[in-house]
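Remarks on the structure that follows.
The values are calculated or read from the model by the stated rules, or taken from the named source; none is laboratory data. All values reported here derive from a predicted model rather than from experimental measurement. Here the Cβ positions follow ideal geometry from the backbone for every residue, glycine too, while neighbour counts run over all protein chains shown.
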Amino acid sequence: MEIEVQDTCTLLSQMYSMPTEDRKNFFRQQLMMPFEKMWTTINVPMIAKKPNGYDVLMATEMLGLLKADDDERFRVGIEALKNAHAWEVAKSALIEIHEYARGSGLVDGLEKVLLGLYLGDPEKYKHHNGYTGFGGIPGYILLMIYPNDYNLPRLPALIAHEFHHNIRLLHCKWDHANITLGEYIVIEGLADAFAEEMYGRALMGPWVTDFPQDDLEYSIEVIRSNFGLKGFGNISSYMFGDRIAETMGYPRVGLSDFAGYAVGYNLVSRFLKKNRMSVLEATCRSAEEILSINISS
């Protein structure tokens, strides 16, 4: 498998040195065009069909990437990433993760993984410690981070999480309109369990490590009773929690931030422990099988 880490350090530095009015087109052509196949797969046009219409610029803004005119935050953020050797860390981690997974045969269908590391908006990411990622399309990983002392050491674990999405979804196709809540929590639970298997619990995200036990037990009951709920728009509130769901235009369901992630990790971990199974061994197991052990427990 070929591994490529996009040189966003150079490209972003070039972009922010340009006149503001030239930056968006540079971003589209130089930074996003290599991901065109990914964007096309999720129905995001590279260029809007009409002025101010939906396109890759709007999609990345919705994802929380740093705005093209935020020069001061760019200056501080890019220096922090340089000082942390973030691009070298990302490539080393991706190589290590691939080597770990290769023996399972699960990566055989991945000819290449292209990883892009971008600065995120710290205000938009304040509820998850300044970092997030997207690995939902096999062959592509996007990482968005506004670097700080918490998230920089967790970069490899984030990559492991997103890489696992690549291999799970290579074998178990995502259906945006019909994805069930049960399937979604298993996808995220397996990804977090894989990050833990690779790098340990201490480097996992706050959606797992900082979730209170009493809240977890309540969230499990709420989510368990809605396993069969279908459609990304209908299940997102259960995954992300009320506060974040509201910002995305979804209804409140009485859950805390990232409740679905915490529940998914907990239930997947139970399955792995009871069956004495590694995450890679469980990667292609159905959500029904993984959750059946928990429904009766």
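Just a yes or no: is a residue in the range 252-267 of a type in the set (Phe, Trp, Tyr) and more than 21 Å from Tyr131 (Cβ to Cβ)?
No, every residue in the range 252-267 fails to be of a type in the set (Phe, Trp, Tyr) and more than 21 Å from Tyr131 (Cβ to Cβ).
Looking only at residues in the range 177-210 that are at pLDDT 95 or above and among the aromatic types (Phe, Trp, Tyr), which one is nearest to Ser236 (Cα to Cα)?
Filtering the range 177-210 for residues that are at pLDDT 95 or above and among the aromatic types (Phe, Trp, Tyr), the one nearest to Ser236 (Cα to Cα) comes out as Tyr184.
Look through the range 52-74, keep the residues that are under 19 Å from the mean Cα position of the chain (by Cα) and part of a helix (DSSP H, G or I), and return whichever of them is nearest to Tyr131 (Cα to Cα).
Leu63
So Asp257 fits all but one of (1) of a type in the set (Asp, Glu); (2) farther than 22 Å from Arg201 by Cβ; (3) not in a helix (DSSP H, G or I); what number is the exception?
Here Asp257 meets the rest and fails (2).
Select from the range 220-252 the residues that are outside any helix (DSSP H, G or I) and under 24 Å from Ile290 (Cα atoms) and list them in ascending order.
Listed by number, the residues that qualify are Ser225, Asn226, Phe227, Gly228, Leu229, Lys230, Gly231, Gly241.
Restrict the check to the range 123-142 and report whether at least one residue is of a type in the set (A, V, I, L, M) and closer than 30 Å to Glu72 by Cα.
yes
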